[in-house]
1. Suppose we keep only residues that are surrounded by fewer than 18 Cβ atoms within 10 Å (Cβ to Cβ) and touching a Lys or Arg at 6+ places or on another chain (Cβ under 9 Å) within segment 127-152. Which one would you say is nearest to PRO50 (Cα to Cα)?
2. Taking ASP199, is it surrounded by 12 or more Cβ atoms within 10 Å (Cβ to Cβ), free of Cβ contacts under 8 Å to residues at least 24 places away in the same chain and not hydrophobic (A, V, I, L, M, F, W, C)?
3. For segment 136-156, state whether one or more residues are of a type in the set (Val, Ile, Thr) and over 30 Å from LEU184 (Cβ atoms).
4. Which pairs have Cβ atoms under 9 Å, sit 6 or more apart or on different chains, and link a residue in segment 82-105 that is among the β-branched types (Val, Ile, Thr) to one that is surrounded by fewer than 14 Cβ atoms within 10 Å (Cβ to Cβ) and not in a strand (DSSP E or B)?
5. Let me confirm something: among SER35, SER15, which residue is among the small types (Gly, Ala, Ser), surrounded by 11 or more Cβ atoms within 10 Å (Cβ to Cβ), at pLDDT 50 or above and more than 13 Å from the chain's Cα centre (by Cα)?
6. Looking at this structure, is ARG189 modelled with pLDDT under 95 and within 22 Å of PRO147 (Cβ to Cβ)?
7. What's the number of the only condition in (1) farther than 18 Å from GLU34 by Cβ; (2) surrounded by 19 or more Cβ atoms within 10 Å (Cβ to Cβ); (3) in contact (Cβ under 8 Å) with a residue 40 or more places away in the chain that ALA114 fails to meet?
8. From ALA98, ALA124, ALA52, which residue is modelled with pLDDT under 95 and on the phi < 0 side of the Ramachandran plot?
Amino acid sequence: MRPKWSCLLRRIPLSRRSHIIGFQPLATGIADHESLLERDFVTLTSFLHPDASIRAQPVTLSFRDGVKARRYTPDFHVSGLLTTSELVEVKYQADLQAQWRRLDPAFAAARAWARGHGAMFRIATERDIRGPRLENAKRLLPLRRVPLDEEMAELVLAASRSLDEPTFGTVLAALPAIRRCAVLATLWRLIAHGALQVDYSAPITLDTPVSQL
């Protein structure tokens with residue numbers, strides 16, 4: 001069932017930043033974006049929270065800024081998280097600083113709305129979105145749609161279990177070199193599917209520790 005406020009969808013004017021108007025198909029639906037940074041936010045969020053629903057411009061808020069009536073549309077509503085749902089504004093840090101006096105009353109309205117709907121409001125900048133986690137998400141997300149060879153997957157998982165402190169490189173080296181390409185592909189797919197755990201906040205290299213749940 002769609003939230004009652006979903007009927008209030010509207011398109012907001014584009015800012016001065018570069019714009020990539022498009023959408024990403026997710027397991028939970030379609031997520032629109034209007035900038036490179038918004039696209040990256042959707043990519044990272046869908047990677048870290050595969051079951052989350054990400055709705056673009058979910059609600060338009062009316063509020064008063066002194067004597068002036070204003071309207072504000074946050075960028076995203078993210079629901080299905082483990083803790084709470086989020087109302088999110090995606091903004092470049094420079095724009096946030098330059099426009100803070102105008103934006104602050106709108107953000108106050110968003111925080112009030114979120115409190116009344118069992119959610120929280122947050123601002124996500126390129127500092128929160130971009131970095132190793134996003135680069136890992138870009139590499140691993142497509143692999144989640146690629147099926148696993150069950151026999152090869154079990155060989156790789158067994159090799160990982162046989163090592164005291166397995167890393168990407170030591171698991172790769174523990175299996176026959178003649179099948180190196182198949183092993184390497186399976187390693188990446190197991191990480192993408194979550195069967196092998198790594199630290200997504202750092203680049204994945206041969207020295208990256210891997211573990212199983």
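1. Among residues in segment 127-152 that are surrounded by fewer than 18 Cβ atoms within 10 Å (Cβ to Cβ) and touching a Lys or Arg at 6+ places or on another chain (Cβ under 9 Å), the one nearest to PRO50 (Cα to Cα) is ARG144.
2. On the way: surrounded by 12 or more Cβ atoms within 10 Å (Cβ to Cβ): yes; free of Cβ contacts under 8 Å to residues at least 24 places away in the same chain: yes; not hydrophobic (A, V, I, L, M, F, W, C): yes.
Against the criterion (surrounded by 12 or more Cβ atoms within 10 Å (Cβ to Cβ), free of Cβ contacts under 8 Å to residues at least 24 places away in the same chain and not hydrophobic (A, V, I, L, M, F, W, C)), ASP199 qualifies.
3. If we filter segment 136-156 for residues that are of a type in the set (Val, Ile, Thr), which is where we start, we get 146, 156.
Filter once more, so that each one left must be over 30 Å from LEU184 (Cβ atoms): none.
Checking segment 136-156: not a single residue is of a type in the set (Val, Ile, Thr) and over 30 Å from LEU184 (Cβ atoms).
4. Once the first residue is among the β-branched types (Val, Ile, Thr) and sits in segment 82-105, its partners that are surrounded by fewer than 14 Cβ atoms within 10 Å (Cβ to Cβ) and not in a strand (DSSP E or B) give THR84/GLY118.
5. Working: SER15 fails: at pLDDT 50 or above.
It is SER35.
6. Values: modelled with pLDDT under 95: no; within 22 Å of PRO147 (Cβ to Cβ): yes.
The answer is no for ARG189.
7. With respect to (1) farther than 18 Å from GLU34 by Cβ; (2) surrounded by 19 or more Cβ atoms within 10 Å (Cβ to Cβ); (3) in contact (Cβ under 8 Å) with a residue 40 or more places away in the chain, ALA114 is out only on (3).
8. Values: ALA98 fails: modelled with pLDDT under 95; ALA124 fails: modelled with pLDDT under 95.
Answer to the check: ALA52.
The values are calculated or read from the model by the stated rules, or taken from the named source; none is laboratory data. Just so it is clear, the model here is predicted, and its values are computed rather than measured. Every residue, glycine among them, receives a Cβ derived from its backbone with ideal geometry; neighbour counts consider all protein chains shown.
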